[in-house]
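The values are calculated or read from the model by the stated rules, or taken from the named source; none is laboratory data. The structure displayed is predicted, hence computed values, not measured ones. For neighbour counting, all protein chains shown are included, and Cβ atoms are generated from backbone atoms with ideal geometry for every residue, glycine included.
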Amino acid sequence: MKILAAVDGSPYTKRMLAYLAAHDEWLGSQHQYTLLHSVPAVPPRAAAVLDRNVLKGYYEEEAEKVFKPIRAFFAKQGLSANFVSKVGPAADNIAAAAGKGDYDLLVLGSHGHGSLTGLVLGSVATKVIANCSTPVLLIR
């Protein structure tokens, strides 16, 4: 199974990884994993005055802060994974990656912020589910 897991380094990401580790059907060498982190974009006016390499380095550092403990988790499990970072709105990046990558499953943790719907699912999760045709496993 080809699995895309959206990660942000929050306690909800940790809960999602713990869930996967506790369920053999979701975590194992029979699956192919891609971990996706969406780094918020620097505002355009600020980005315009920064050197392109400095900005690129910033985005890479921010992604690695999230990926470092997840890399350790996968290494401890004896599993390999692809780590991908995108810049921009998380919901848009996750839904686009799920659609383009021909994944069998999208796994994400839910925050539970915002409006009444957001309290149940979280605004990013709500947007991803609305814009994604890939089956979603939502961990709360």
Legend entry - Contacts under 8 angstrom Cβ, first residue in region 65-90 being touching a residue at least 60 places away in the same chain (Cβ under 8 Å) and over 13 Å from LEU17 (Cα atoms), partner among the small types (Gly, Ala, Ser) and not in a loop (DSSP other than H, G, I, E, B), 6 or more apart: ALA90/ALA6; ALA90/SER38
Inset, instruction - Could you please let me know if LEU20 is aliphatic (A, V, I, L, M), touching a Leu at 6+ places or on another chain (Cβ under 8 Å), within 17 Å of ILE139 (Cα to Cα) and outside any loop (DSSP other than H, G, I, E, B)? - result: yes
Inset, instruction - Those residues that are modelled with pLDDT under 90, outside any strand (DSSP E or B) and crowded, with 18+ Cβ neighbours inside 10 Å, I need them from region 83-118; list them, please. - result: SER110, HIS111
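Could you run through region 48-82 and say how many residues are over 20 Å from the mean Cα position of the chain (by Cα), more than 22 Å from LEU27 (Cα to Cα) and loosely packed, with under 14 Cβ neighbours inside 10 Å?
7
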Inset, instruction - Quickly run through region 55-82 and pick out the residues that are out of contact with any Gly (no Cβ under 8 Å at 6 or more places or on another chain), in a helix (DSSP H, G or I) and of a type outside the set (A, V, I, L, M, F, W, C). - result: LYS56, GLY57, TYR58, TYR59, GLU60, GLU61, GLU62, GLU64, LYS68, ARG71, LYS76, GLN77
Inset, instruction - Quick one: count up the residues across region 119-140 that are modelled with pLDDT of 85 or more, in contact with a strand residue (DSSP E or B) (Cβ under 9 Å, 6 or more places away or on another chain) and surrounded by 14 or more Cβ atoms within 10 Å (Cβ to Cβ). - result: 10
Legend entry - Candidate set: region 14-46, residues that are out of contact with any Pro (no Cβ under 9 Å at 6 or more places or on another chain) and of a type in the set (S, T, N, Q); chosen: the one surrounded by the most Cβ atoms within 10 Å (Cβ to Cβ): THR34
